[in-house]
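Undergrad: Here it is: the structure, laid out below.
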Amino acid sequence: MPPQSTVGLTMADIYSPEYTVDPYPLFHRIRDVSPVFWDQRMGVDGAWMVTGYEAALAVFRNPKLSALRPQWNPNGPDALVRDEEFAGQLRALHSMMFTADPPAHTRLRRIARKPFVPAAVARMRGEIEAAAHELLDAVLPSGRMDYMEDFAMALPSTTMCRVLGIPVADRGLVWRRILSWGLVVDGGPLSKENPEYHLGKVGKYMDYFREQLGKRRVQRTDDLLQSLVDSWDEGEFISEEELLGNLMFLLTAGQVTTGHQIGNSTLALLAHPDVLATLRADPTRVPDATPELMRYDCSVQLTKRRAVEHMELAGQRIEQGQELFVWMGAANRDPEPFPDPDRLDPDRPKVQNLALGNGIHYCAGGQLGQLLNEVAVTVFAERVRNPRVDPAEVVRKPVPTFRGAHSIPMTFD
């Protein structure tokens, strides 16, 4: 049996308002007890909290750990809901590449990788820079904006709509579906309150993509959606739910996690005006500073694995079937690889952080996400003068898997 957790110490507190604003003190407290910590209050019947950097790396690189989520298998004993009405949504979630194991994971990454190869990403820089300037042109004369809505989310949304071939005018419609998708993936208290409601929204998300895919059968386009339709026709997807699940994942990951990262990076710079002044004085330093901004406050904080056989990790015995919560945000603040980890240091010696994961599940669109963050920070530092944000007005949702602000009211000169 796993050891009992320290009395009163639990990662379940991550959903409280205090740790929604700043989870890092809780991460440090749990890591100080053990980098692999048994928490009876997490998961279904308890789960391991992985907060240490080396332990997290070992998890990402261990083939004895599965990324599958049994609760999304509509035919399994742990199904999130047992209503046939939601079986299609669960199958779509169960088929997403970030929760797939080889060989399915290998096949899905190969199908989706075309727009994310380095040469293709590099060609997007000019267009992304132009879009960033255009977004700021629309708000700078007023002296105020909601940084998330008007810039941080709008920039990656515009880019991902172009990559996929989604009409930019549909961003608001898609966004309402994305919120429920994110809650289901997080699996926290908000998603457990009414899973049928959120799965219903996921179903509408799937219906939207069915409509878009149907248009490609009438008139061909030069975008990722057309490429995926062709892959479906050629038998590379095993089901329609697999295709739709991965479309939801690609658009959500490309838009939401990148938008959150831009917001997190900007809030970090506002809290460290000396670093912001340095980057403003020399924008050529932004590319080297971008990994540090992502380490300091990453937008994807949590992923999960399950042991397919008994194993040991950081001196702890992991039993077959037990779940591991890998907290990348905590691993990125581990003082062993990152001395003085709570300090934002653009000159920090280069150590691979885990903001984009590691191993076979390293983020497929990671290079594009870094480019978007880099361009956003550069253009913001260059053009927004004396930005002011009241931390009390920043709105966050208690969804720790996806850390980011929903709203950042900002004024400036």
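FYI, it's all coordinate maths here, none of it is from the lab. Because the structure is predicted, anything quoted here is derived from the model rather than measured. When we count neighbours, we look across all protein chains shown, and the Cβ atoms used for this are built from the backbone with ideal geometry, even at glycine.
Undergrad: With a ≥ b ≥ c the root eigenvalues of the C-alpha gyration tensor of segment 19-171, is it rounded (a/c under 1.5), prolate (a/b larger than b/c) or oblate?
TA: Prolate.
Undergrad: Given a Förster distance of 35 angstrom, what is the FRET efficiency for R125 paired with Q352, based on the Cβ-Cβ distance and rounded to 0.05?
TA: Rounded to the nearest 0.05, the efficiency is 0.90.
Undergrad: If each residue of separation counts as 0.36 nm, what is the full-extension length gain between V33 and D233 once their alpha-carbon separation is subtracted? Mind dumping the intermediate values first?
TA: Values: separation 200, 0.36 × 200 = 72.00 nm, distance 5.24 nm.
Computed gain between V33 and D233 is 66.8 nm.
Undergrad: Quick one: length gained pulling D390 to D340 fully straight, 0.36 nm per residue minus the C-alpha distance?
TA: 15.4 nm
Undergrad: Restricting to DSSP H runs of at least four residues, report the calculated mean residue ellipticity at 222 nm for the chain, -39500 (n - 2.57) per run over all residues, nearest 500 deg cm²/dmol.
TA: Calculated at 222 nm, the ellipticity per residue is -14000 deg cm²/dmol.
Undergrad: Measuring from label point to label point, each 7 Å out along Cα→Cβ, what is the R82 to Q367 span in nm?
TA: Label-label distance for R82 and Q367, simple model: 4.8 nm.
Undergrad: Straight-line reach only, C-alpha to C-alpha below 18 angstrom: list the aspartates and glutamates that K204 could link to, leaving out same-chain residues fewer than 8 apart.
TA: D83, E84, E85, D170, E196, E240, E241, E242
Undergrad: Let me ask you something else. Picking from F37, F27, F237, which is most flexible by a Gaussian network model of the chain using Cα springs under 10 Å?
TA: F237
Undergrad: While we're here: Which entries of K215/K397; K114/K215; K192/K304; K215/K304; K64/K397 have Cα-Cα distances beyond 28 Å here?
TA: Checking Cα-Cα distances, K215/K397; K215/K304; K64/K397 exceed 28 Å.
Undergrad: If the label point is 7 Å along Cα→Cβ of E312, which residues in segment 56-99 have backbone nitrogen under 20 Å from it?
TA: Under 20 Å, as judged by backbone N against the label point of E312, lie 56-65 of segment 56-99.
Undergrad: If you don't mind, another one. Given DSSP loops and a limit of at most 15 other Cβ atoms within 10 Å, what is the longest stretch of the chain that contains no such trypsin sites (Lys or Arg not before Pro)? Could you put the intermediate results ahead of the total?
TA: On the way: sites that count: R41, R61, K64, R82, R113, R123, R220, R343, K350, R385.
The reported range is 221-342.
Undergrad: Under a GNM of the chain (C-alpha, springs under 10 Å), which listed residue has the highest mean-square fluctuation: H272, H260, H105?
TA: Looking only at H272, H260, H105, the biggest GNM fluctuation is shown by H272.
Undergrad: Scan around L313 for amide H atoms under 5 Å from its own, H built in the peptide plane at 1.01 Å from N, and keep only partners 5 or more places away or cross-chain.
TA: When sequence neighbours closer than 5 places are left aside, the close amide H contacts are I318.
Undergrad: Next question, about the same structure. Going by a ≥ b ≥ c, the root eigenvalues of the Cα gyration tensor, does segment 250-402 fall in the rounded group (a/c under 1.5), the prolate group (a/b larger than b/c) or the oblate group?
TA: Working: a/c = 2.07, a/b = 1.84, b/c = 1.12.
The shape class here is prolate.
Undergrad: Now, a different point. When a/c is below 1.5 the answer is rounded, else prolate if a/b is larger than b/c, else oblate, so apply that to segment 84-223 with a ≥ b ≥ c taken from the square roots of the Cα gyration tensor eigenvalues.
TA: Numbers: a/c = 1.84, a/b = 1.29, b/c = 1.42.
It is oblate, given that a/c is not under 1.5 and a/b is not larger than b/c.
Undergrad: In addition: Please compute the modelled spin-label separation between D45 and R61, points set 7 Å along Cα→Cβ, answer in nm with one decimal.
TA: 3.3
Undergrad: For the chain, which span is the longest to avoid every loop-located (per DSSP) member of GluC sites (Glu not before Pro) having at most 11 other Cβ atoms inside 10 Å?
TA: Details: sites that count: E234, E309.
Looking at the chain, 1-233 is the longest stretch - no exposed GluC sites (Glu not before Pro) with at most 11 other Cβ atoms within 10 Å.
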